[in-house]
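The values are calculated or read from the model by the stated rules, or taken from the named source; none is laboratory data. These figures come from a predicted structure and were not determined experimentally. For neighbour counting, all protein chains shown are included, and Cβ atoms are generated from backbone atoms with ideal geometry for every residue, glycine included. Areas reflect the complete protein model, heavy atoms only, side chains present, ligands, DNA and RNA absent. Shrake-Rupley method; radii C 1.70, N 1.55, O 1.52, S 1.80 Å.
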Amino acid sequence: MSTDEGGRIDTYDYSVLCRNCDQEAPDPRPCQVTGTLPEWLKGQLIYNGPGLTKVGQQEYHHAFDSSALLQKFEISDGKVTYSNRYVRSKTFEQNQAAGTITKAEFGTPAPASKGVFSRLLDAMDPEKMFSDNALVTVADFGGRYFAMCETPFMLEINLDTLEIKERVNLNKKYGLMTQSPHPIQASDGVYTVGQGVGVTGPKYCIVRFPPDGNLKQGKVMASIPARWKMSPAYMHSMTMTENYVVLIEQPLAVSLSELLSDILTNAPFIAGLKWHNEPVLIHVIDRKTWKPVKTRYVAESFFFMHIANAYEDGEHIVLDVPTYKDSSLLHNMYIKTLREQRGKNTEDFVSSFRSTLHRLVVPLNAKGKETLISLEGTSCSASWSGQEVMLKGEKLCDVPFENPCINPKRQGEKHSFVWAMGPDPEGGDKGFAVKLNVNSGESFKFTEDQIYCSSPEFVARPGAVDEDDGVILMLAVDTRDDKAVHLLVLDAATMSQVGRASVVAPAPVPMPLHGLFIPAEAQ
């Protein structure tokens, strides 16, 4: 087992991600509420994530392959109900009709019954090549809500029933082969980034959709060539400030040549990912001209999934990003591995999941300057290395830090607080949630034995002035009873529990990936 310096045993149960929810609960079930929920807290908290790990007798291989499950808490007048429903994608329906897995997923190969020629034909058509199993997020597009994944499909959700209303293919209109499942809302619309293919090779396409959520009226604002002509980087998230879009091109990339080989040999998509032993490349795109700034920015190699926030401070862009040393966690998330590691986590296995929050400062208008960073209160540095600027970051905390969130009103602006979740740094069979003051380093945490917190959602108190005046909402699962599910309501300032709503579902409840709170007045 893995132990820390204090001798504590790390028995964090990563297999909560791959519980098999073999019976959905579409009818709302009343929850038992303890504590007192704020009177003003009214709305729906909807999470998305892995749900059904099996089709017939065949089991998926990877945690990111399981059929998507939406989980919803409805909150009103101090009462809470819980429901869940499978995301009925085209792939889900095909699988259920066939009684077996019919399409390749991230870590599960396509059916072996298909011949090489048939698989090559499928590779020419994203509808046939990619699954639309949208298991990553729930996103708001102008009051329309979509289940999303990294393939170019979006599935619109009926908030009342969790049924799917419409299916959208972004490849048909915008030529996207992939998309970030973490779009950004701005005053002039909703932004996302996806990978397209041009005459010169792969490119990153920044797309803006109108504020009303009309997905047919989007526009490709900029196309940035990938630095490796046959290997576009894995880009799960982007970020944006008032005047700039920032794309982080990390060393993990999709090798198109290996992807073609994988299609021929019937290997899963994860086999086509390649780690380049090169620095991170940061693209800064001016939102006025939609052209990249001329300075080339690089940083020491790291892997990332999410970005907490970015903002401008003088002639600088400040980036707060949870980073990993490499992408080995993706290969440790096979369902078999997660279940076998339960209770006997090895050091290499545990360390692969422990990201920490780092800050990078990108100096704008750097040409001709020797002193590139003039911000106070940071140890970040930047220096010229040939024709590019090398960035060196600073670690903002020492605890595992993932699925970061901020007060949404601070998106793209200077923030003081970030909330996140992860395995408890003290070890044991429990997760934890943390609030970090990025200016002072002060932190508050919530943890409870055998309770595993999902990604946090910040909800501001009506009329709030202070950045941390509100509550943190989290779905939590329990290792004492795999059918028990909880809504945790924490004071966002102190991370103390305000209230909790608990219920027992008819089948095991898996840990979801990402959620969204939709206030009652927005519905």
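Odds and ends about this structure:
- From the options 417, 444, residue that is open to solvent by less than 60 Å² (accessible area, probe 1.4 Å) and among the aromatic types (Phe, Trp, Tyr): 417
- Residue within the stretch 31-48 that is surrounded by 23 or more Cβ atoms within 10 Å (Cβ to Cβ) and out of contact with any strand residue (DSSP E or B) (no Cβ under 7 Å at 6 or more places or on another chain) present: no
- Restricted to strands (runs of 3 or more DSSP E) entirely inside the stretch 464-510, those with at least 1 residues that are of a type in the set (Lys, Arg) and closer than 21 Å to residue 82 by Cα are 497-504.
- Any helices (runs of 4 or more DSSP H) falling wholly within the stretch 287-384 and containing at least 3 residues that are among the charged types (D, E, K, R): 335-340
- Cβ-Cβ distances below 9 Å connect the following pairs, each with a first residue in the stretch 392-407 that is within 16 Å of residue 513 (Cβ to Cβ) and part of a strand (DSSP E or B), a second residue that is open to solvent by less than 20 Å² (accessible area, probe 1.4 Å) and among the hydroxyl-bearing types (Ser, Thr, Tyr), and a separation of six or more residues or different chains: 402/355; 402/455; 403/454; 403/455; 404/455; 405/455.
- Residues considered: 264, 273. Of these, the only one that is surrounded by fewer than 16 Cβ atoms within 10 Å (Cβ to Cβ) and modelled with pLDDT under 95 is 264.
- For the stretch 53-72, the candidate set comprises residues that are open to solvent by 50 Å² or more (accessible area, probe 1.4 Å) and in contact with a Phe, Trp or Tyr (Cβ under 9 Å, 6 or more places away or on another chain); within that set, the residue that is nearest to residue 98 (Cα to Cα) is 54.
- Residue 237 being under 29 Å from residue 328 (Cβ atoms), at pLDDT 95 or above and among the small types (Gly, Ala, Ser): yes
- The residues in the stretch 471-510 that are open to solvent by 10 Å² or more (accessible area, probe 1.4 Å) and in contact (Cβ under 8 Å) with a residue 40 or more places away in the chain can be counted, and the count is 12.
- One residue from 301, 328 being under 27 Å from residue 439 (Cα atoms), modelled with pLDDT of 95 or more, open to solvent by 30 Å² or more (accessible area, probe 1.4 Å) and hydroxyl-bearing (Ser, Thr, Tyr): 301
- The residue of the stretch 26-69 that is nearest to the chain's Cα centre (by Cα), among those that are among the hydrophobic types (A, V, I, L, M, F, W, C) and farther than 26 Å from residue 459 by Cα, is 64.
- For the stretch 359-391, a residue qualifies if it is free of Cβ contacts under 8 Å to residues at least 24 places away in the same chain, open to solvent by 70 Å² or more (accessible area, probe 1.4 Å) and within 28 Å of residue 432 (Cβ to Cβ), and exactly one does: 379.
- Among the residues making up the stretch 175-189, those that are out of contact with any Phe, Trp or Tyr (no Cβ under 6 Å at 6 or more places or on another chain) and among the hydrophobic types (A, V, I, L, M, F, W, C) are 176, 177, 186.
- Scanning the stretch 1-35 for residues that are modelled with pLDDT of 95 or more, out of contact with any Pro (no Cβ under 7 Å at 6 or more places or on another chain) and assigned to a loop (DSSP other than H, G, I, E, B) gives 22, 24, 31.
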